[in-house]
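**Student:** Could you have a look at this structure, given as structure tokens, before my questions?
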Amino acid sequence: MQVDTQKIVVLGTGGTIAGRAQAAGDNVGYVAGEVGVQALVDAVPGLAQAAGGALAAEQVAQIDSKDMDGAVWLALAQRVQAHLGDPAVRAVVVTHGTDTVEETAWFLHCVLAAHKPVVLTCAMRPATAVTPDGPQNLLDAMAVARAPGARGVLVVCAGALHGARAVQKVHPYRVDAFASGEAGPLGWVEEGQVRLAQDWPSAPDGWAQAALEKIANGAPWPRVEILTSHAGATGAVADALVRDGVQGLVVAATGNGTVHHALEAALLRAQQAGVAVRLTTRCALGQVVPRAGAPLPLARGLSPVKARIALLLELLGAPAPQ
Ligand code: SIN
């Protein structure tokens, strides 16, 4: 074994990877976020070797990621940032639920200048499953964490390596639950080796780092909600949200950024009232192609949930992502 002098830190946040079921054959009726991260790490044969010898585990949260919130994001970002700044740390691996891992990855990508790898991994089957996928995903995450040139916030699941911007959960049950749309995965992990299809993400600059500092210093998270344009849509929800003090609205629009006329009228009223509105598409692939004269601004190719995060950070003073 080649021994690395730097360690890899595994931060646990919960999820199915840490899930426990009553019966070993049950892959859906389990409770997420039950097994501690140290126990997860200890249970994987060869993980310390895959990490190069030095491995540390730290529990940041223990939740089902459907319940992810700003407090956990802040705690996680601060722990990742602290470890990245430590010369003794080579990389950070984060264990996370699959349901919102794409949001956490994008959030960390925005607020951290991750010149070292930050590798999020997860599992679709609980730790108590007959054949859990978490152990292999952890081994693959270690391979990515130690790969020459690796940097930025990355997601590893089912042997595929994804970038924070494009990754999306696309299947509710299959072990291979993630895709990167038209961009495709950055690469794959095979027998402990990373095979890249694309270059590593370009050197991240943590363009929204100042927004994270504001939150850490006590600024409240802005309120940004997501609406969908659909057949029979009305403006009632948008109007109610404006009355309720919403600061931003992200709209999953139809097709190339079109919105039902009743909802569009309400969104224009919201914009007039000072609410920031961003349009994205509810289509699974591609992005809205800008058209001249469109009355509402676009969210630059982000999915609705990632556009919401970008708008949260913008409302905290960050520039819009490129
Ligand atoms: C979660 O997202 O925490 C539960 C579901 C999963 O990890 O697959």
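The values are calculated or read from the model by the stated rules, or taken from the named source; none is laboratory data. Predicted model, so just to flag it, every value in this text is computed and none were measured. With ideal geometry, Cβ positions are generated from the backbone for all residues, glycine too; neighbour counts draw on all protein chains shown. Ligands, DNA and RNA are excluded from the accessible area calculation, which covers all protein heavy atoms including side chains. Shrake-Rupley method; radii C 1.70, N 1.55, O 1.52, S 1.80 Å.
**Student:** How high is the FRET efficiency between Ala231 and Asp69 when r is their beta carbon distance and R₀ equals 45 Å, given to the nearest 0.05?
**Tutor:** Result of the calculation: an efficiency of 0.90.
**Student:** So for Trp221, Trp106, what's the accessible-area order with a 1.4 Å probe, most first? Show your work: numbers first, answer last.
**Tutor:** On the way: Trp221 80, Trp106 0 Å².
Solvent-accessible surface, decreasing: Trp221, Trp106.
**Student:** Taking only the C-alpha atoms, wrap a convex hull around region 135-220 and report its volume per residue in Å³ as a whole number.
**Tutor:** Convex hull of Cα atoms, per residue: 140 Å³.
**Student:** Here's another thing I want to ask about it. When the Karplus curve 6.51 cos²θ - 1.76 cosθ + 1.60 is applied with θ = phi - 60°, which whole-Hz ³J(HN,Hα) does each residue of region 227-237 get, with x for Gly and Pro?
**Tutor:** 10, 10, 8, 8, 3, x, 4, 10, x, 4, 5
**Student:** So what is the 222 nm mean residue ellipticity for the chain from helices alone, if each DSSP H run of at least 4 adds -39500 (n - 2.57) and you divide by all residues, rounding to the nearest 500 deg cm²/dmol? Provide the component values of the computation, followed by the final result.
**Tutor:** Working: 9 runs with 88 residues, N = 322.
Computed ellipticity for the chain at 222 nm equals -8000 deg cm²/dmol.
**Student:** I would also like to ask the following. Could you go through region 300-316 in sequence order and give the Karplus-derived ³J(HN,Hα) for each residue, using 6.51 cos²θ - 1.76 cosθ + 1.60 with θ = phi - 60°, rounded to whole Hz, and x for Gly and Pro?
**Tutor:** Working through the residues one at a time gives 6, x, 8, 5, x, 5, 7, 4, 5, 5, 4, 6, 3, 6, 4, 5, 8 Hz.
**Student:** Follow-up. Taking all pairs of different Cα atoms in region 48-110, averaging 1/r and flipping that mean, what Kirkwood radius in angstroms comes out?
**Tutor:** Value: 12.8 Å, from the Cα pair sum.
**Student:** In addition: Defining a contact as two alpha carbons under 8 Å apart and six or more residues distant in sequence, what relative contact order in percent does the chain show?
**Tutor:** Numbers: 734 pairs, mean separation 45.9, N = 322.
Here the relative contact order equals 14 percent.
**Student:** Roughly how many percent of the accessible protein surface of the chain is carbon and sulfur, given a 1.4 Å probe and a whole-percent answer?
**Tutor:** 52
**Student:** Please list the non-local residues whose amide H lies under 5 Å from the amide H of Arg125, H modeled 1.01 Å from N, same-chain partners needing a gap of 5 or more.
**Tutor:** Here the answer is Asp133, Gly134, since their amide H atoms fall under 5 Å of that of Arg125.
**Student:** Now for a separate question. Which residue fluctuates the most in the chain, going by a Gaussian network model with Cα springs under 10 Å, if the choices are Ala219, Ala114, Ala48?
**Tutor:** Ala219
**Student:** What accessible surface, in Å², does a 1.4 Å probe find on Thr234, ignoring ligands, DNA and RNA and rounding to the nearest 10?
**Tutor:** Surface accessible to solvent at Thr234 totals approximately 80 Å².
**Student:** Pick from His96, His230, His83 the residue whose mean-square fluctuation is largest in a GNM of the chain, springs joining Cα atoms under 10 Å.
**Tutor:** Looking only at His96, His230, His83, the largest GNM fluctuation is found for His230.
**Student:** Need one number: the % of Cα-Cα pairs in region 222-315 sitting beyond the 18 Å mark.
**Tutor:** Numbers: 1606 of 4371 pairs.
The proportion of pairs with Cα distances above 18 Å equals 37 percent.
**Student:** Sticking with this one: Name the residue, out of Val194, Val156, Val94, whose mean-square fluctuation peaks in a Gaussian network model built on the chain with Cα pairs under 10 Å.
**Tutor:** With Cα springs under 10 Å in the chain, the top fluctuation among Val194, Val156, Val94 is at Val194.
**Student:** Quantify how much of the Cα-Cα distance distribution of region 181-269 extends past 22 Å, in percent.
**Tutor:** Tail fraction, whole percent: 57.
**Student:** Same structure again: What's log10 of I(q)/I(0) for region 1-122 at q = 0.16, 0.20, 0.21, 0.23 Å⁻¹, Debye sum over Cα points only, no solvent?
**Tutor:** For the requested q values the scattering log ratios are -0.75, -1.10, -1.19, -1.34.
**Student:** Considering just Cα atoms, how many Å³ per residue does the convex hull of the chain enclose? Kindly include the intermediate steps, with their values, before the conclusion.
**Tutor:** Working: hull volume 43.5 nm³, N = 322.
Hull volume normalised by residue count: 135 Å³.
**Student:** Continuing with the same structure: Sorted by accessible area (1.4 Å probe), largest first, how do Lys169, Lys66, Lys306 line up?
**Tutor:** Details: Lys169 45, Lys66 130, Lys306 0 Å².
Ranked from most to least accessible, the order is Lys66, Lys169, Lys306.
**Student:** Around Ala252, what is the net charge, scoring Lys/Arg as +1 and Asp/Glu as -1 over all other residues with Cβ under 13 Å from its Cβ?
**Tutor:** Summing Lys and Arg as +1 and Asp and Glu as -1 gives +3.
**Student:** Heavy atoms of the protein only, probe of 1.4 Å, neighbouring chains included. What is the accessible area of Glu103 in Å², nearest 10?
**Tutor:** Here the residue's solvent-accessible area equals roughly 40 Å².
**Student:** How many Å² of accessible area per residue for the chain, probe 1.4 Å? Before the final figure, lay out each step's value.
**Tutor:** On the way: 13830 Å² over 322 residues.
Result: 43 Å² of accessible area for each residue.
**Student:** What whole number of Å gives the distance from the Cα centroid of region 53-108 to the Cα centroid of region 264-322?
**Tutor:** Distance between centres, Cα-based: 27 Å.
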